[in-house]
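Okay, so here's the structure we're looking at.
The values are calculated or read from the model by the stated rules, or taken from the named source; none is laboratory data. Values in this document were obtained by computation on a predicted structure and should not be read as measured data. Neighbour counts run over all protein chains shown; Cβ positions are idealised from the backbone, glycine included. Accessible surface areas use protein heavy atoms only, side chains included; no ligands, DNA or RNA. Shrake-Rupley method; radii C 1.70, N 1.55, O 1.52, S 1.80 Å.
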Amino acid sequence: MNTNLYKITDPENQTAELEEIAALLRAGETVAIPTETVYGLAANALDPDAVKKIFIAKGRPQDNPLIVHIAETGALYEIAAAVPDAALRLAEAYWPGPLTVILPKKDAIPENVSAGLDTVAIRMPSHPVARAIIKAAGVPLAAPSANISGFPSPTDAETVCDDMTGKVAAIVDGGPCDFGIESTVVTLASPVPRVLRPGAVTVEQLEAVLGKVEVDEAVLHPLKKDAVAASPGMKYKHYSPKAQLYIVRGDLKAFVSYVYRHKEEADHCLCFEGEERFLPLPAVTFGKEAEPLTQSHSLFDALRQLDRQGAKTVFAREPKTEGVGLGVCNRLFRAAGFRFLEDAPENRSGKLLGLCGLSGAGKTTVCSLLRARGAEIVDTDLIAREIVETGSPTLETLANTFGRDILRPDGSLNRNALAAKAFASEEGAKELTAITHPAIIQKTLAQAFAAAANGKTAVIDAPLLFTAGLDRLCDLTAAVTAPEDVRRARIRARDGLPDEEINKRFAAQKEEAEKAAAADFVLKNYPPYDPEEETGRLWRTLRDANA
Ligand code: TXA
Ligand code: MG
């Protein structure tokens, strides 16, 4: 079949193209259209032969009913056998928008739209292109998501083209979808309104209009054997990438800890933005941890991205279930076939302490005192040297980036040569950080989590604790402090440096000093305070942290 492509950016001024699209729909053809949730594959909802083509193009099971899309609330009366007051109040509050309401159906709706049920799912999308197409067609449009059945729903026209070219009469490009997950489905055909599929209209928003609302068991749990699905779509292992996903339960720290201890068992991670740098596996991100709308927006795209990268086994982060997060969890859990992983608590019984301190504050002393109490000190200075040992992959990358003349004849790193090249420009310095930091961070965390798994407290003694965001993984952060004159005197005595050198060192630590001020615990390492006593106080605070 020949598939026409349309790009509609300004529906009000593209009436000729809209009329062509509408004519295809009226003639009983299928057209993929943009909506604010995901792309839909539309056909005339009143024409069973047209609707049949949707099932064929998607390879969709016959028993999974479709959603009927309308452009005016008045159209409800042509489709639903009864329109309760609750439906009108929902329409008033959330239509047009990402909400589908299930009502008893009228006979005008063919059997294959509702898959033989006596109810029908109805929604009024807010996407201006979807609205313009429904209006131009002059008929309600049945439209499931425009993916091959079982695959993640498409959130842009390119993805629709991948799945549907040659199978449908036309594909309309209306840009990327805002919400990225399908509409909330709520049934009003049950005694108490019940959410069958969570989406961008949240349970709380529904309750604000309807009072009590139930959430179907199948939203966050696999359907029990032999149970009948309230929403037939819930039966299927939906939204799946080709890779096998596993949800790692818990917060960021639990996730990262798990990944380090099991990194041979997966090849990719699916995490939130900014977490990639902590992980020893290639990662794809889906939004920000605290912003579920950014997660819904990019989840399906991230799942397809994993496939493009050839992922086979993926460790995925667990989103929160509040608000739109419930919809994100529903899709992600199903994509994973409800496979969850969790480290046994005893495998992460040790705690992580992030320790920082300015030059001369006496961090080394405190480290020795902590070691005497059984802590394992992860020495990041040592790690920074280890990652560029002769023959290491990081050193190879550095040589490829900055030139082979940063290497001595025996293949070892010539630090001065590297510094001369890297610090010659701002980009060079950035590139150096981009290459070395991930290697340092990963080795640091590997050691820290290994120690914690053995029940030990791991002390991450890192100048880049805050700048690299490692503090996010620590149970507690502590700054060792001393007044400037004390630090100056110590450096003078220890390193025999002249004052101007000491000033330079202090100036270079300005940013670090500001960040260290944000530490959870301040350890005063100067008279009259006793370092041993102060360290004891720190030790007890750490023991009680997150307990
Ligand atoms: O955001 C959306 O809703 C997108 C866009 C294209 O509008 N459409 C969509 O359609 O997600 P689809 O077919 O992929 O999902 C429809 C869901 C399925 O889970 C189906 O089982 C359920 O709605 N459904 C449809 N009619 C139903 C009914 N009468 N009773 C219970 N569930 C129904
Ligand atoms: Mg679908």
> Looking at (1) within 30 Å of R373 (Cα to Cα); (2) out of contact with any Leu (no Cβ under 8 Å at 6 or more places or on another chain), which is the only condition D499 fails?
Replying inline: (1)
> Conditions: (1) assigned to a loop (DSSP other than H, G, I, E, B); (2) within 16 Å of ligand 2 (Cβ to nearest atom). I109 meets all but one. Number of the miss?
Replying inline: (2)
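Condition check ((1) open to solvent by 40 Å² or more (accessible area, probe 1.4 Å); (2) under 27 Å from the mean Cα position of the chain (by Cα); (3) under 21 Å from F315 (Cβ atoms); (4) not aromatic (F, W, Y)) across all residues:
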{"site": "F333", "(1), (2), (3), (4)": "no, yes, yes, no"}
{"site": "A336", "(1), (2), (3), (4)": "no, yes, yes, yes"}
{"site": "E346", "(1), (2), (3), (4)": "yes, no, yes, yes"}
{"site": "L353", "(1), (2), (3), (4)": "no, yes, no, yes"}
{"site": "C356", "(1), (2), (3), (4)": "no, no, no, yes"}
{"site": "G362", "(1), (2), (3), (4)": "no, no, no, yes"}
{"site": "T365", "(1), (2), (3), (4)": "yes, no, no, yes"}
{"site": "L370", "(1), (2), (3), (4)": "no, no, no, yes"}
>> Take the conditions within 22 Å of the chain's Cα centre (by Cα), without any contact (Cβ under 8 Å) to a residue 40 or more places away in the chain and either more than 10 Å from ligand 1 (Cβ to nearest atom) or within 27 Å of G287 (Cβ to Cβ) (or both) and apply them to P198. Does it pass?
In response: no
> Which of the residues that make up the range 145-175 are open to solvent by 10 Å² or more (accessible area, probe 1.4 Å), within 11 Å of ligand 1 (Cβ to nearest atom) and either within 28 Å of E78 (Cβ to Cβ) or in a strand (DSSP E or B) (or both)?
Replying inline: S145
> Since E78 meets every condition but one in (1) within 15 Å of ligand 1 (Cβ to nearest atom); (2) open to solvent by 30 Å² or more (accessible area, probe 1.4 Å); (3) out of contact with any strand residue (DSSP E or B) (no Cβ under 6 Å at 6 or more places or on another chain), which condition does it not meet?
Replying inline: (1)
>> Restricting to the range 462-486, and then to whatever is open to solvent by 30 Å² or more (accessible area, probe 1.4 Å) and of a type in the set (D, E), can you tell me which residue is nearest to the chain's Cα centre (by Cα)?
In response: D471
>> Filter the range 201-239 down to the residues that are at pLDDT 75 or above, in a loop (DSSP other than H, G, I, E, B) and touching a Pro at 6+ places or on another chain (Cβ under 6 Å) and list them by number.
In response: V201, V213
> Is there a residue being at pLDDT below 90, over 27 Å from the mean Cα position of the chain (by Cα) and of a type outside the set (D, E, K, R) anywhere in the range 524-542?
Replying inline: no
> Scanning for something farther than 25 Å from S145 by Cα and either of a type in the set (F, W, Y) or in the same structural domain as V68 (by TED's automatic domain parsing) (or both), does the range 216-227 turn up at least one residue?
Replying inline: no
> Which residue, of A208, A189, A227, is open to solvent by 20 Å² or more (accessible area, probe 1.4 Å), over 22 Å from the mean Cα position of the chain (by Cα) and near ligand 1 (Cβ under 10 Å from one of its atoms)?
Replying inline: A189
> What residue, among those in the range 31-75 that are over 21 Å from V186 (Cβ atoms), near ligand 1 (Cβ under 8 Å from one of its atoms) and of a type outside the set (A, V, I, L, M, F, W, C), is most open to solvent (accessible area, probe 1.4 Å)?
Replying inline: R60
> In the set P84, P96, P65, which member is within 19 Å of V38 (Cα to Cα), modelled with pLDDT of 95 or more and either of a type in the set (D, E) or away from ligand 2 (no atom under 16 Å from the Cβ) (or both)?
Replying inline: P96
>> Which of the numbered conditions does A243 fail, given that it passes all the others? Conditions: (1) in contact with a Phe, Trp or Tyr (Cβ under 6 Å, 6 or more places away or on another chain); (2) open to solvent by less than 10 Å² (accessible area, probe 1.4 Å).
In response: (1)
> What single numbered condition from (1) of a type in the set (V, I, T); (2) within 15 Å of ligand 1 (Cβ to nearest atom); (3) within 35 Å of the chain's Cα centre (by Cα) fails to hold for T9?
Replying inline: (2)
>> What pairs come out if I take residues in the range 144-155 that are more than 8 Å from ligand 2 (Cβ to nearest atom) and pair them with residues that are in a loop (DSSP other than H, G, I, E, B) and polar (S, T, N, Q) whose C-beta lies under 8 Å away, six or more apart or interchain?
In response: A146/S153; G150/S240; F151/S240; P152/S240; P154/N147
